[in-house]
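Below is one structure, written out as structure tokens; the observations come after it.
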2 protein chains.
Amino acid sequence: MLAEDEEIGSGQGRTATPADVAEQIKSGIVSGRFAPGQRLIESDLTGDLKVGRSKIREAFRILAGEGLIEIVANRGALVRRHSREDLLSMGRAREVLEGLAARMAAETPLSDDQRGRLRDLQARMDAAEEANEIRTYDTLNQAYHRAIVEFAGNPYVAELIEKVRVPLLGLRLPNGFSAATLEQSNEGHRFITHAILAGAPEAAEAAMRAHVRSGNATTASLPDEVFR
Amino acid sequence: MLAEDEEIGSGQGRTATPADVAEQIKSGIVSGRFAPGQRLIESDLTGDLKVGRSKIREAFRILAGEGLIEIVANRGALVRRHSREDLLSMGRAREVLEGLAARMAAETPLSDDQRGRLRDLQARMDAAEEANEIRTYDTLNQAYHRAIVEFAGNPYVAELIEKVRVPLLGLRLPNGFSAATLEQSNEGHRFITHAILAGAPEAAEAAMRAHVRSGNATTASLPDEVFR
DNA sequence: ATGGTTCATATTGTCAACAAAATTCGGGAT
DNA sequence: ATCCCGAATTTTGTTGACAATATGAACCAT
């Protein structure tokens, strides 16, 4: 995982690298402090982050590569705005990529530790579903998907998924899951978990694709206020 | 050494932007003029391209985002080296992404013009196969895949595919296709073309996935000298 | 008011100089 | 010879100044 110094947060022990700066700006974007369409002024950022303009500039390039901002000539960086259609287009890519991850996870002979982690996550999601703890479930859900991608062992797939997943975090979801969608979501998880543990790639991919597709359908029916 | 700068693809008489610079360096990488693992020295590039170091630097960030180079702290930019395993990992992602593109192309009601283009490309590939014109077939093959992605109308899928396709161009293939693989490749194309024109998403995706998978198998069996 | 023009300001684009770090090279000891 | 150490050189990191462009305000004519 991450390592070394880093020193996240507001302070900085070592001098911040452009990657660090990018991370700071990124958190500002997903948290909504920087609104979509907003123009990011270099001189403002230098004041806030206490770094020179060239670092901000390189950080912009990094973020543009990740798709979080758009750089337009002589006008600088704009926080990228994603329409509902955009989210759905990404959703389709996410469907096949996460499907592939599930397939590869099922193809791989998992270690006992990995199998245990998967079972544990599933059990905790079941518990959260039972107790209707939406917030907890949401966190576990993310960890679950991340675990499967990790088990798939394909860094490129992981990177591509990250790219189409980040914009979702920017949505302002009042309560990510309703009781009904939560139950449906976890039903999908149980199928996927079973298929992966059984070493059934075909079934795992199909189940994951159906699961993500169902999530996309939910996204499609969200009210406009959610998209910002 | 290379000639002058100025007038790149979208050629305007203006001074080169960092994106233009990135394009120049990129062509140097895919052409093999810059070998994998090679360190790109900023001052060398400034001499060749006649631009300041800051532009080179931002170009590096762009290329790092596209996965062509790796930036390591205090050591600058290295041309990224892709092992056979890397290519195969990307190949799997490419399989599902191009499969999705084929599916979406089949879902979309294509215009007469689009249907014509597809048929034309297929006809010309058939002719090239007949005449065993490998070089021509290779060019048409690329145009064909590009057209399908275009027809799919999903810019995010297009972008992701581009990312896992570029490293393939860096391989030194003496003659991309042998007679046998060419025939197998075009057989796949005919299936895909038929499915898309028939508006059969399921079949189109399946055919494309099989097609890409078969190409990956070919990649897997290439001799080491091809990877550089 | 409305629309358009000019000028002042704000912001980005670029470069060149300097600082910090890494690499290379040579010398000396074993 | 081989290894290690340290200076000289190369290369990257960072800053600040200046130029080019865009933005916004004030002004004028209708």
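The values are calculated or read from the model by the stated rules, or taken from the named source; none is laboratory data. What you see is a predicted model, and the numbers here were worked out from it, not measured in a lab. Every residue, glycine as well, gets a Cβ built from its backbone with ideal geometry; the counts of neighbours run over all protein chains shown. For accessibility, only protein heavy atoms count, side chains too; no ligands or nucleic acids. Shrake-Rupley method; radii C 1.70, N 1.55, O 1.52, S 1.80 Å.
Summary of values
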| quantity | calculated |
| --- | --- |
| Gyration tensor (alpha-carbon) shape descriptor, chain B, a/c threshold 1.5 | prolate |
| Teacher prompt: B:Arg115 distances to equivalent labels in other copies, 7 Å Cα→Cβ, nm | 5.3 |
| Cβ neighbours within 10 Å from other chains - mean over A:155-164 | 5 |
| Rounded to 10°, Cα long-axis angle of helix B:201-220 versus longest principal axis of chain B | 50 |
| Model label zone, A:Glu202; criterion: amide N under 18 Å from point 7 Å along Cα-to-beta-carbon; scope the range B:186-228 | B:202-211, B:213-214 |
| Degrees separating the helix B:53-65 axis from the principal Cα axis of chain B, which is the longest one | 30 |
| Farthest toward positive dipole pole in the range A:10-101 [+1 Lys/Arg, -1 Asp/Glu at C-beta], among A:Ala19, A:Leu97, A:Asn74 | A:Asn74 |
| Label-point gap, in nm, between A:His194 and A:Thr46 - each point 7 angstrom along Cα→Cβ | 6.1 |
| Over the range A:84-226, relative contact order from alpha-carbon pairs under 8 Å, at least 6 apart, % | 45 |
| The range B:18-79: C-alpha gyration tensor shape, a/c 1.5 cut-off, then a/b vs b/c | rounded |
| Chain pair A, B: total accessible area buried, heavy atoms, 1.4 Å probe, Å² | 2600 |
| Mean residue ellipticity (222 nm) of the protein assembly as shown, computed from DSSP H runs ≥ 4 via -39,500 (n - 2.57), nearest 500 | -22000 deg cm²/dmol |
| Residues along the range A:30-68 losing 50 Å² or more of accessible surface when the other protein chains are present rather than the chain by itself (probe 1.4 Å) | A:Glu58, A:Arg61 |
| Copies compared at B:Gly52 - label distances in nm, ascending, label defined 7 Å from Cα in the Cβ direction | 1.2 |
| Given charges at beta-carbon only (K, R positive; D, E negative), |dipole| of the protein assembly as shown in Debye | 800 |
| Carbon + sulfur, % of accessible area of the range B:41-139 - ligands and nucleic acids excluded, 1.4 Å | 45 |
| Using a Förster distance of 25 Å, the FRET efficiency for A:Asp224-A:Gln184 (Cβ separation, nearest 0.05) | 0.60 |
| Inter-copy label distances at A:Ser214 (7 Å, Cα→Cβ; nm, one decimal) | 3.6 |
| Rough spin-label spacing in nm, given labels placed 7 Å along Cα→Cβ, for B:Asp112 and B:Ala35 | 5.6 |
| Nonlocal amide H pairs with B:Ile69, under 5 Å, H built at 1.01 Å | B:Ala64, B:Arg80 |
| Flagged links, alpha-carbon separation over 25 Å, of A:Lys163/B:Lys50; A:Lys26/B:Lys50; A:Lys26/B:Lys26; A:Lys50/A:Lys163; A:Lys163/B:Lys26; B:Lys26/B:Lys50 | A:Lys163/B:Lys50; A:Lys26/B:Lys50; A:Lys26/B:Lys26; A:Lys50/A:Lys163 |
| Options A:Ile196, B:Leu110, A:Ala220, ranked by Cα towards positive dipole end of the protein assembly as shown, top entry (Cβ charges) | A:Ala220 |
